[in-house]
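The values are calculated or read from the model by the stated rules, or taken from the named source; none is laboratory data. Fair warning: this is a prediction, and the values are worked out from it, not measured in the lab. Here Cβ is always computed from backbone atoms with ideal geometry, including for glycine, and neighbour counts include all displayed protein chains. For the accessible areas, the whole protein counts, side chains as well, though only heavy atoms, and no ligand, DNA or RNA atoms are used. Shrake-Rupley method; radii C 1.70, N 1.55, O 1.52, S 1.80 Å.
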Amino acid sequence: MARPRKYHNPEEERLARNARSRRSYAKHQTSIRERRSKLYHKEKSAVRKDTETNLSGSTSKVVNRSNEQNVAFWLRKAGHIDAEVTKLMGGGDYMFFEGVLERYLEFGEDELSNTIIEDASGQFDKLSSEIQQCQHAILQLAGVDKEWFRVEEMVKRIDRISKYLNDMNVYTLLPAGELRAAHKRRELMYQVDN
């Protein structure tokens, strides 16, 4: 005779797995926190050492290993920013801009609907400054190398998105209906470039 079923549906199985994970974390909480803390402080001290070394102008093998860790850190950070951009863009660049414009036109062309484009523009301006910070850090650590060029592609993509959103925002400053008319004539920058 077979043993009785422990879980009768995927939801029960998921709940049991979550409970097991919580118990395991509670049991090993101190060691997990110590490990995470050590890793955090190791990366933080490597950044500090590298900054001090760059100011003094000395170079050594220890610093070079530290630089590699720092370049990896900045590449990871740039990768996270790129993933966030991809998540925000959803179904693709063109569809994202069409969606923003559609929401803007749906609310009518007034002061409140202007915030739709301004909010999207503000998000990408923030991401642009963060990705440029990564690029400058990699330039300082590794020079113009393959890592720098990888981040440069990300910078170009985010700058292009910001430029298109700013173009749409300029049309909102013109008399009502200009943005809709420019869209119909396919004069918006994202339409011209695609």
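With every protein chain left in place, what is the accessible area per residue of the range 129-194 in square angstrom, probe 1.4 Å?
Values: 3740 Å² over 66 residues.
For the range 129-194, the per-residue accessible area is 57 Å².
Surface analysis of the range 1-42 yields an accessible area of 103 Å² per residue, using protein heavy atoms and a 1.4 Å probe.
For the range 138-185, what is the charge dipole size about the Cα centre, in debye to the nearest 20, if Lys and Arg each add +1 at the Cβ and Asp and Glu each add -1 at the Cβ? Write out the running numbers ahead of the final one.
On the way: 9 positive and 7 negative charges, 65 e Å.
Charge dipole, the range 138-185, about its Cα centre: 320 debye, nearest 20.
Once neighbouring chains are kept in place and the probe is 1.4 Å, which whole percent of the accessible area of the range 89-194 is contributed by carbon and sulfur?
That fraction is 53 percent.
Counting 0.36 nm for each residue step from E34 to D119 and taking away their Cα separation leaves a gain of 26.7 nm.
Can you work out the PRE-style zone for E102? Point 7 Å along Cα to Cβ, and I want the residues of the range 169-184 with backbone N under 17 Å. Of the residues in the range 169-184, 180, 183-184 have backbone N under 17 Å from the label point off E102. When the surface is traced with a 1.4 Å probe over the full set of protein chains, V85 keeps roughly 0 Å² accessible. Each label was represented as a point 7 Å from its Cα along the Cα-to-Cβ direction; for A176 and K6 these points are 6.5 nm apart.
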